[in-house]
Structures are given as C-alpha cells and as structure tokens.
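> Sharing a structure here in structure tokens format.
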Amino acid sequence: MTSLVLRRGLAMRLTAQGDGANVSALFYNARHPLEGYNMPDTLKSQYTAYLTAGRVLHSDMGRALMSITADTCGWHDTLCGVLNARKTAEKFGATTYQADRNDWRRNGRDNFLIELAKHGLGKRDVHANVNFFSKVAADIEGNLTFVPGHAKAGQSVDLRAEMEVLVVLSNTPHPMAPAGAWNPPAIGISVREVPAPAADDPCRVSRPENGRAFANTASYLMIGEGT
C-alpha cells in the first residue's frame, strides 16, 4: 500500500510485476479532498462498465481528475470494491502481525484507511475504487463474472493527472479472486512529466461529457484549454 500526490503535468504508470495482478485505487482532489472520483458519473458519461485507454476519471464535481492515456492490459474493474479483514480471513485464512510478521495478510479496506489517515482523511472519505489489472464481466442480466489471470506480467496503464490528485493504492487481491494461496503480485510505480493535454487530446474528445469535464477543470484551475 502507498499514497502519493501527483501535480498537474505528471503521469503515473502502474506495471504488473506478475500474472493476475491487482491494485485497488482511490483518487481525490489533493487540495480539497471532499472532491473525489465518482464511479457512476465516470461510467455513465462514457457508456462503459470498465476503464481503459481514452477514458477519463470524473470527479463528483463534474471535473476531470485523471485520464488513461495508455493501457496494455485493456480492462480495469470499476464495480467490485475491496476486501475487508473478515472477508480476507475467510478466503485466505486468518493471520496476525504478532504471529506472522511480514506474512500477515493485509486487506484493501484497512490499507485504504491507513493511507487516508496520513492525509487527514477517514472512513467517511472512502468511495468507490478502481481495481487496475482486474476484469469482471457482466452478462445481459447483470451477473458479474471474475476473469482469473486477466493481467499478464509486464502490462501497464498510464494515468495523467488533470489537477493535483491524491492517489491511494492497495496491492491486495480482488474481492472476487478465487480463494487459495496468498500471493498478490507486486506492482511497479513510476512517475514522469508529460505535456498538457491539447485541444484534440484523445481522452478529451472521446466523449462530449469528457470535453465538459476538461473545461470544468480548466475553469477551476483558472487556466486556458490546452495548458
């Protein structure tokens, strides 16, 4: 687990270090964290049930928080949340730090709360998360099916910060992953500088709603489009 603040002009690359990786993520406006990632608006405005390249993470104030500018995995789950301590123990067996030390099995819910506390946030600030590198498909009746082994080692996803964004990450199993051995693959994280999105940026123009979200972000930051 970790957390970091990305200023506008930076992009974060997450890389799966093993097959079947999963990293759960929360996103907030770092300056005013009452504003955060809004899963329903993100999905309905882009007519999708998952995230991949060209899609934008919308905030609950109608602004663009982050954009997915590249993706070699192709599908990232937005629907299923994270495991808590009880569910983790049920699926993978109970452990304690006192008895198991570094083999203690952490859970996504507690990892989020620990990292949020470092930024003055708590339980009321937990919202729907993204599970990068995991695929959950829905059938016509709305039944969800987890696809084991969807992610392959070396696959990556790039997220560009459209404002100053607090990112909270938990490298723990997806809540629908099969029970069994506890072996969550590591996730690589790198950050680099990137140009500001141009007027014809693929994420900006992929949907009219994305264009409005970019415009709302520009107005909030008091900057011009394409800067």
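> Check Ala153, Ala49, Ala138, Ala99 and return the single one that is of a type in the set (A, V, I, L, M, F, W, C) and either at pLDDT 95 or above or touching a Phe, Trp or Tyr at 6+ places or on another chain (Cβ under 8 Å) (or both). Steps first, answer last, please.
Values: Ala49 fails: either at pLDDT 95 or above or touching a Phe, Trp or Tyr at 6+ places or on another chain (Cβ under 8 Å) (or both); Ala138 fails: either at pLDDT 95 or above or touching a Phe, Trp or Tyr at 6+ places or on another chain (Cβ under 8 Å) (or both); Ala99 fails: either at pLDDT 95 or above or touching a Phe, Trp or Tyr at 6+ places or on another chain (Cβ under 8 Å) (or both).
Checking each option against the conditions leaves just Ala153.
> A follow-up question, please. Mind telling me which of the residues Ala70, Ala21, Ala11 ends up being at pLDDT 95 or above and part of a loop (DSSP other than H, G, I, E, B)? Please lay out each step first, then the result.
Values: Ala70 fails: part of a loop (DSSP other than H, G, I, E, B); Ala11 fails: part of a loop (DSSP other than H, G, I, E, B).
Of the residues listed, the single one that is at pLDDT 95 or above and part of a loop (DSSP other than H, G, I, E, B) is Ala21.
> Let me ask something additional. From the set of residues in the range 1-40 that are of a type in the set (A, V, I, L, M) and surrounded by fewer than 15 Cβ atoms within 10 Å (Cβ to Cβ), which is farthest from Asn210 (Cα to Cα)?
Here the residue is Val5.
> Look through the range 41-67, keep the residues that are touching a residue at least 12 places away in the same chain (Cβ under 8 Å) and part of a helix (DSSP H, G or I), and return whichever of them is surrounded by the most Cβ atoms within 10 Å (Cβ to Cβ). Talk me through it step by step, then tell me what you get.
In the first step, residues of the range 41-67 are kept if they are touching a residue at least 12 places away in the same chain (Cβ under 8 Å); the result is 41-43, 45-47, 49-67.
Still in the list and also part of a helix (DSSP H, G or I): 41-43, 45.
Values: Asp41: 17, Thr42: 25, Leu43: 18, Ser45: 19.
Looking at residues that are touching a residue at least 12 places away in the same chain (Cβ under 8 Å) and part of a helix (DSSP H, G or I), I get Thr42.
> How many residues does the range 133-178 hold that are surrounded by 19 or more Cβ atoms within 10 Å (Cβ to Cβ) and not in a loop (DSSP other than H, G, I, E, B)?
Residues in the range 133-178 being surrounded by 19 or more Cβ atoms within 10 Å (Cβ to Cβ) and not in a loop (DSSP other than H, G, I, E, B): 12 in total.
> Shifting gears a bit: Only one residue in Lys152, Lys135, Lys118, Lys123 is free of Cβ contacts under 8 Å to residues at least 24 places away in the same chain and either of a type in the set (Lys, Arg) or in contact with a Cys (Cβ under 6 Å, 6 or more places away or on another chain) (or both). Which one?
Going through Lys152, Lys135, Lys118, Lys123 in turn, the sole match is Lys123.
The values are calculated or read from the model by the stated rules, or taken from the named source; none is laboratory data. Bear in mind that the values here come from a model prediction, so they are computed numbers and not experimental data. Positions of Cβ are generated from backbone atoms using ideal geometry, with glycine treated the same way; all protein chains shown enter the neighbour counts.
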